[in-house]
Amino acid sequence: MAETVQCSFTTECYEAEACSETAFDLSIEDADGKTAIVTDAQTIPTSIGGSEAVRIYVGVTDDAFHLISRASGGATRYTTHIYEGPMMVNYLGTCKGEN
């Protein structure tokens, strides 16, 4: 059975620059025992950690390291560590759904 967590981010922080408003969505999809972070640009195979109340999702691609941490109330942080540069982009928002 497939399960999906929907995430919406409203704040983006790029490296050491001031944070700004954004509208960025992604989903975390679980199907057939495999989990992935799914964005408009890519699908990232993902490992899950945490507990029933809180979750972390970790994905690694050839270009970046991806980390999503979701608190029990749904508050979520998505951080992408891009190898080229290197540089970091951090998003703040919420995720809803079970996974």
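Miscellaneous remarks
- Hypothetical label at residue 83: residues of the stretch 51-77 whose amide nitrogen lies under 13 Å (7 Å Cα-Cβ projection): 60-66
- For the stretch 42-99, the fraction of alpha-carbon pairs lying more than 17 Å apart is 39 percent, rounded to a whole number.
- Residue-normalised accessible area of the chain, given per residue in Å² at a 1.4 Å probe: 61
- Calculated Cα extents along the principal axes in Å (choose from [x] 45, 28, 21; [y] 40, 30, 23; [z] 35, 25, 22), label: [y]
- Within the stretch 1-72, GluC sites (Glu not before Pro) in DSSP loop having at most 12 other beta-carbon neighbours inside 10 Å: 15, 17, 52
- Carbon plus sulfur fraction of accessible area for the chain, probe 1.4 Å, in percent: 52
- A simple charge model with +1 on the Cβ of Lys and Arg, -1 on the Cβ of Asp and Glu and nothing else charged puts the dipole of the chain at about 340 debye relative to its Cα centre.
- Amide hydrogen proximity for residue 35: with H placed 1.01 Å from N in the peptide plane, the residues at 5 or more positions away or on another chain lying under 5 Å are 46.
- All other residues whose Cβ lies under 13 angstrom from that of residue 37 are scored, Lys and Arg at +1 and Asp and Glu at -1, for a net of -1.
- Relative contact order for the chain, counting Cα pairs under 8 Å that sit 6 or more residues apart, in percent: 28
The values are calculated or read from the model by the stated rules, or taken from the named source; none is laboratory data. Predicted, not measured: the structure shown is a model, and the values here were computed from it. Every residue, glycine as well, gets a Cβ built from its backbone with ideal geometry; the counts of neighbours run over all protein chains shown. These area figures cover heavy atoms from the full protein model, side chains too; ligands, DNA and RNA do not enter into them. Shrake-Rupley method; radii C 1.70, N 1.55, O 1.52, S 1.80 Å.
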